[in-house]
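Notes follow once the structure below has been shown.
The values are calculated or read from the model by the stated rules, or taken from the named source; none is laboratory data. Bear in mind that the values here come from a model prediction, so they are computed numbers and not experimental data. Please note: Cβ atoms are built from the backbone with ideal geometry, for glycine as well, and neighbour counts cover all protein chains shown.
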Amino acid sequence: MIYSEQLLSKVTYIFKQKYNTEPELIFSPGRINLIGEHTDYNDGFVMPAAINRGIYMAFGKNELKTLRLFSLDFNQSVEININALKPIEISWANYILGVTSEIEKTHPLRSGFDLVFGGDIPIGAGLSSSAALESGVGLALNHLFGLNLKKIEIIKAGQEAEHHFVGVRCGIMDQFASVMGKKNHVIQLDCRSLDFEYFPSIFDDFQILLCNSKVKHALAESSYNQRRAECEKGVSILQEKFPDVNSLRDATITMLDAVRGQMSEIIYNRCSYIVEENRRVLKASQFLKNKDLKQFGALLFESHKGLSEKYEVSCEELDFLVDQVQDISSVLGSRMMGGGFGGCTINLIKRSATQDLIPELKDKYYKKYQNELEFYEVELNDGTHLINKNDYE
Ligand code: GLA
């Protein structure tokens, strides 16, 4: 891939200035998700991919018992003793401390390390800058201390860091996509068995276009955990009649209808969305295999409707953006992407139509919300990896 030279030289320069040695370098990507939203923590199916935007890290061991961290984006340093790893007030640091603490549980570190990082993923846009950071830290520790961690251990350390240091009870999709990404491929992942398959992302005359609403919802994290709890509530009600249902992955609409009287309308809606979304992912992979992009795109619109009306994780601005492209024939599909309450929509659009659509949408959005949309034409990329200096010098 083509790295951001500017970011690479910045993190390298600052690292050398601060710690007087030559660093090693890592690129860790953000992710998109074609379809399968909020299904990961319900043991379901997702279809993410790593992208060419992410986190750049310069790192090295030190002779101390200290983690010395510097965030370029926040222009802020943190120093923490390796024996005092616990969540702190500075939120970006918790992703790093969380992963280090998880890995430390089974692989005590022999010394501290230094880390300077910056990224080109817009923060809070639903592109998983946090998973990119976590996966990068996992690989950095693995490399520095020769830990021989399996990729899945790095993935799980990131997810555990979210649970214990950040307070988001997230699923495994983001970290999995960041670590396991493959150039020009999407991943279809079964979040229960962790079996996965790569699909070539050959969209011919079509491309993926992300559209950043620039909305960040302050309640996103607590609402996320609330959705997860609502799904668990649904499962516990289902289990009274269907003891074999261990998660919504095992449920069907017929089963849900059989216990509908025992659950509130809200719980029913949350659960039926998940059951339907899982089905959509399986259909979507079939359509991708058959190169039926039209039907594939229609599923994106359906997914958005479910996310907005039944799962209630969209927001006015995201609904507006999907609405605007719904009847444009060059747009095959569109939906909000990621946890929700703001961030990006993902659109499958005819390449030749992109340059006309961008200013048109920008204009409409600005008139309505006095906010500037941003667009990203992403490429699908390899997962978290060390950067060989010869690659770019
Ligand atoms: C966030 C979480 C993921 C997943 C998505 C929604 O990105 O980190 O685990 O649940 O939301 O699909």
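For segment 78-87, check the following and say yes or no: at least one residue is under 24 Å from residue 176 (Cβ atoms), more than 16 Å from the ligand (Cβ to nearest atom), surrounded by fewer than 17 Cβ atoms within 10 Å (Cβ to Cβ) and at pLDDT 95 or above. Scanning segment 78-87, I find at least one residue that is under 24 Å from residue 176 (Cβ atoms), more than 16 Å from the ligand (Cβ to nearest atom), surrounded by fewer than 17 Cβ atoms within 10 Å (Cβ to Cβ) and at pLDDT 95 or above, so the answer is yes. For first residues located in segment 113-127 and among the acidic types (Asp, Glu), partners that are within 16 Å of the ligand (Cβ to nearest atom) and lie 6+ apart or on another chain with Cβ distances below 8 Å form the pairs 120/53; 120/54. You will find that of 161, 157, the residue that is under 24 Å from residue 60 (Cα atoms), within 12 Å of the ligand (Cβ to nearest atom) and buried (at least 21 other Cβ atoms within 10 Å of the Cβ) is 161 and no other. Checked against the criterion of being away from the ligand (no atom under 16 Å from the Cβ), surrounded by 17 or more Cβ atoms within 10 Å (Cβ to Cβ), β-branched (Val, Ile, Thr) and not in a loop (DSSP other than H, G, I, E, B), the candidates 14, 51 yield just one match: 14. Pairing residues of segment 319-339 that are free of Cβ contacts under 8 Å to residues at least 24 places away in the same chain and closer than 26 Å to residue 173 by Cα with residues that are among the hydroxyl-bearing types (Ser, Thr, Tyr) and assigned to a strand (DSSP E or B), at Cβ distances under 7 Å and at least 6 apart in sequence or on separate chains, gives 322/334; 322/345.
Within segment 183-223, the only residue that satisfies the criterion of being at pLDDT below 95, among the acidic types (Asp, Glu) and surrounded by 15 or more Cβ atoms within 10 Å (Cβ to Cβ) is 221.
Can you confirm whether residue 63 is acidic (Asp, Glu), out of contact with any helix residue (DSSP H, G or I) (no Cβ under 9 Å at 6 or more places or on another chain) and outside any strand (DSSP E or B)?
yes
Residue 73: within 16 Å of the ligand (Cβ to nearest atom), in contact (Cβ under 8 Å) with a residue 24 or more places away in the chain, of a type in the set (Asp, Glu) and closer than 30 Å to residue 314 by Cβ, yes or no? No; evaluated as a whole, the condition is false for this residue. Taken over segment 103-133, the criterion of being closer than 23 Å to residue 64 by Cβ and within 16 Å of the ligand (Cβ to nearest atom) is satisfied by 133 alone.
Just to verify a result, which residue in segment 32-48, among those that are of a type outside the set (Asp, Glu) and assigned to a loop (DSSP other than H, G, I, E, B), is nearest to the ligand (Cβ to nearest atom)? Working first, answer last.
Of segment 32-48, the ones of a type outside the set (Asp, Glu) are 32-36, 38-39, 41-42, 44-48.
Keeping just the survivors that are assigned to a loop (DSSP other than H, G, I, E, B) gives 34-36, 38-39, 44, 47.
On the way: 34: 11, 35: 10, 36: 7, 38: 5, 39: 7, 44: 10, 47: 11 Å.
In this case the residue turns out to be 38.
A count restricted to segment 318-343 and to residues that are more than 14 Å from the ligand (Cβ to nearest atom) and either buried (at least 21 other Cβ atoms within 10 Å of the Cβ) or β-branched (Val, Ile, Thr) (or both) stands at 8.
Given the condition closer than 30 Å to residue 280 by Cβ, buried (at least 17 other Cβ atoms within 10 Å of the Cβ) and acidic (Asp, Glu), answer yes or no: does some residue in segment 101-115 qualify? Among the residues of segment 101-115, not one is closer than 30 Å to residue 280 by Cβ, buried (at least 17 other Cβ atoms within 10 Å of the Cβ) and acidic (Asp, Glu), which makes the answer no. Among the criteria (1) within 16 Å of the ligand (Cβ to nearest atom); (2) under 23 Å from residue 201 (Cβ atoms); (3) modelled with pLDDT under 95, the one residue 304 does not fulfil is (3). Taking the stated definitions as given, is residue 94 part of a strand (DSSP E or B), touching a Pro at 6+ places or on another chain (Cβ under 9 Å) and not aliphatic (A, V, I, L, M)? No.
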